[in-house]
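Student: Please read through the structure below; I'll follow up with questions.
The values are calculated or read from the model by the stated rules, or taken from the named source; none is laboratory data. Keep in mind that this is a model prediction, so the values were computed, not measured. Cβ sites come from the backbone with ideal geometry, for glycine too, and all protein chains shown count toward neighbours. Calculation scope for accessible area: heavy atoms of the full protein, side chains included, ligands and nucleic acids excluded. Shrake-Rupley method; radii C 1.70, N 1.55, O 1.52, S 1.80 Å.
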Amino acid sequence: MMRAMGKLRVIHWGLGAMGGGMVRLMQEKPSLESVGAIDTDPNKAGRDLGPVVGLQGELGIKVSSQPGEVLGKTDADLLLLATSSFTREVFPQIKQALEAGLNVITIAEEMAFPWANEPKFADELDRLAKAKGLTVLGTGINPGFILDTLIIALTGACEWVEKIRAARINDLSPFGATVMRTQGVGTTPEQFTAGVEAGSIVGHVGFPESMHLIASALGWKLDRIEQVKEPIISNVYRETPVVKVEPGMVAGCRHTAKAYVGDKVVMEFEHPQQIHPHLEGVETGDYVWIEGRPNFNVSNKPECPGGIGTIAMAVNMIPAVVDARPGMLTMADLPLPRSLKGRM
């Protein structure tokens, strides 16, 4: 529950672009307070949290490289975790936080519906969270909102739903080198194919999670999900601070997915991601088409920026998670997300 003094105390684990952005946003929210910080980067450990995340002043919080120095030894309500995309990798971190008595919000994409790929880890986190009377949530802009929570909300005005199509067309240009590698940006078409086969080029992480989250909310039982990752070949020169793409090289990944009930396609999602799409006349945007009674066609142009949206979703869900019933929950289990009061 909300503390008597009106402040929820938060520990931050992971101070990269997303984690650092959460710290900065929280300073604008009078109901939230940063009280601890963890990051294994030697360039950040030992320094004050404020300058580490780009704030002008100090926050009086020393960044630690040792989770055990912070978790369980700092009076806090919740951990904001921004370290990895995969359930298997964040599982031990979440478990450590739960054992220290903290609720957890993670932006690991697979944690939006961890039963999709890691049911054993999901069940173990659910068991542990319930035993401790705590809550765990995976969220972000996508998965977490655009291709799942938003769609679920729209179906509430439908008498019935036949099929859902959705697309998120975005610009990768602001992201760093790690994202470029996982999307295959800067590779040749042959290298892209080899990277997909080797698992180093992953495209969008989260299609199964979003689809299973929607299916769970609507009472559908999915029989299978098919995914395809194709290179987006550039016809023009493109460049960001971390990658250069010559004509004929890969500018991004066109990732698509289909979900089936029996032999019927009930969901069809598309998420092409590339740098500087405008150079070839591609407009970014978020789109949802629901076939049912009635039909819904919703579009948002340009796209909701992935970084800003993910930071906002994680921070805005803090009070809902602290007040939620115990367990490993999803966005469908919680109240509708809304912006916390901040600067006016």
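Student: How many nm is it between the label spots at Thr178 and Arg343, if each spot is 7 Å from the Cα in line with the beta carbon?
Tutor: 2.8 nm
Student: Given a 10 angstrom Cα cut-off, can you work out which residue in Val245, Val53, Val298 is the most mobile in a GNM of the chain?
Tutor: Sorting by GNM fluctuation, first place goes to Val298.
Student: Answer rounded, prolate or oblate for the chain, using the Cα gyration tensor with square roots of eigenvalues a ≥ b ≥ c: rounded when a/c is under 1.5, else prolate when a/b is larger than b/c, else oblate.
Tutor: On the way: a/c = 1.72, a/b = 1.24, b/c = 1.39.
Here the chain falls in the oblate category.
Student: Farthest toward the dipole's positive end in the chain, which of Val35, Pro305, Tyr287, given Cβ charges of +1 (Lys, Arg) and -1 (Asp, Glu) about the Cα centre?
Tutor: Farthest along the dipole direction, towards plus: Val35.
Student: While we're on this one: Using a basic spin-label model with each label point 7 Å from the Cα along Cα→Cβ, how many nm lie between Lys130 and Ile233?
Tutor: So the label points at Lys130 and Ile233 sit 5.3 nm apart.
Student: Quote the relative contact order of the chain in percent (integer), defining contacts as alpha-carbon pairs under 8 Å separated by 6+ residues.
Tutor: Values: 760 pairs, mean separation 70.6, N = 344.
Over the chain, the number comes to 21 percent.
Student: So which aspartates and glutamates pass the test for Lys264, namely a Cα distance under 18 Å, with those fewer than 8 places away in the same chain ruled out?
Tutor: Glu162, Asp223, Glu226, Glu291
Student: Any idea what the relative contact order of the stretch 1-142 is, in percent, if you count C-alpha pairs under 8 Å spaced at least 6 apart?
Tutor: Numbers: 264 pairs, mean separation 28.4, N = 142.
Answer for the stretch 1-142 is 20 percent.
Student: If you filter the stretch 236-344 for GluC sites (Glu not before Pro), then keep DSSP loop positions with at most 14 other Cβ within 10 Å, what is left?
Tutor: On the way: sites: Glu239, Glu268, Glu270, Glu280, Glu283, Glu291, Glu303; in loops: Glu283, Glu303.
Taking the stretch 236-344 and a limit of 14 other Cβ atoms within 10 Å, the loop GluC sites (Glu not before Pro) found are Glu283.
Student: By average Cβ neighbour count within 10 Å, what is the ranking of 159-165, 135-141 from highest down? The partial results should precede the final answer.
Tutor: Values: 159-165: 15.0, 135-141: 27.7.
Going by the mean number of other Cβ atoms within 10 Å, highest first, we get 135-141, 159-165.
Student: Same structure again: Percent antiparallel among DSSP beta bridges with both residues in the chain, to the nearest 5? Let's see the in-between values first.
Tutor: Working: 38 of 65 bridges.
DSSP beta bridges in the chain are roughly 60 percent antiparallel.
Student: Next question, about the same structure. Within the stretch 227-293, report the chymotrypsin sites (Phe, Trp or Tyr not before Pro) that DSSP leaves as loop and that have at most 16 other Cβ atoms within 10 Å. Could you put the intermediate results ahead of the total?
Tutor: Values: sites: Tyr237, Tyr260, Phe269, Tyr287, Trp289; in loops: Tyr237.
Listed in order of number, the matching sites are Tyr237.
Student: Next up: Relative contact order for the stretch 197-254: what is it in percent, counting Cα pairs under 8 Å that are at least 6 residues apart?
Tutor: Across the stretch 197-254, relative contact order equals 28 percent.
Student: Between Glu159 and Thr188, take the C-beta separation as r, use R0 = 45 Å, and let me know the FRET efficiency to the nearest 0.05. Display every interim value, and only then the final one.
Tutor: Details: r = 50 Å, r/R0 = 1.11.
It comes to 0.35.
Student: If you count only protein heavy atoms with a 1.4 Å probe, what accessible area per residue comes out for the chain, rounded to a whole Å²? Display every interim value, and only then the final one.
Tutor: On the way: 15360 Å² over 344 residues.
That works out to 45 Å² per residue.
Student: Among the trypsin sites (Lys or Arg not before Pro) within the stretch 241-314, which fall in a DSSP loop and have no more than 14 other Cβ atoms within 10 Å of their own Cβ? Before the final figure, lay out each step's value.
Tutor: Numbers: sites: Lys244, Arg254, Lys258, Lys264; in loops: none.
Hits after loop and neighbour filter: nothing returned.
Student: Another one. For the pairs Lys73/Lys130; Lys7/Lys132; Lys244/Lys341; Lys163/Lys341; Lys95/Lys163, flag any whose C-alpha to C-alpha distance is greater than 29 Å. Display every interim value, and only then the final one.
Tutor: Details: Lys73/Lys130 22 Å; Lys7/Lys132 22 Å; Lys244/Lys341 41 Å; Lys163/Lys341 36 Å; Lys95/Lys163 37 Å.
Cα-Cα > 29 Å for Lys244/Lys341; Lys163/Lys341; Lys95/Lys163; rest within.
Student: From the residues Ile169, Gly16, Val236, which one has its Cα farthest along the dipole of the chain in the positive direction, the dipole being from +1 and -1 charges on Cβ of Lys/Arg and Asp/Glu about the Cα centre?
Tutor: Gly16
Student: Next question. How many nm separate the modelled label positions at Asn43 and Glu28, each set 7 Å beyond the Cα in the direction of the Cβ?
Tutor: 2.5 nm
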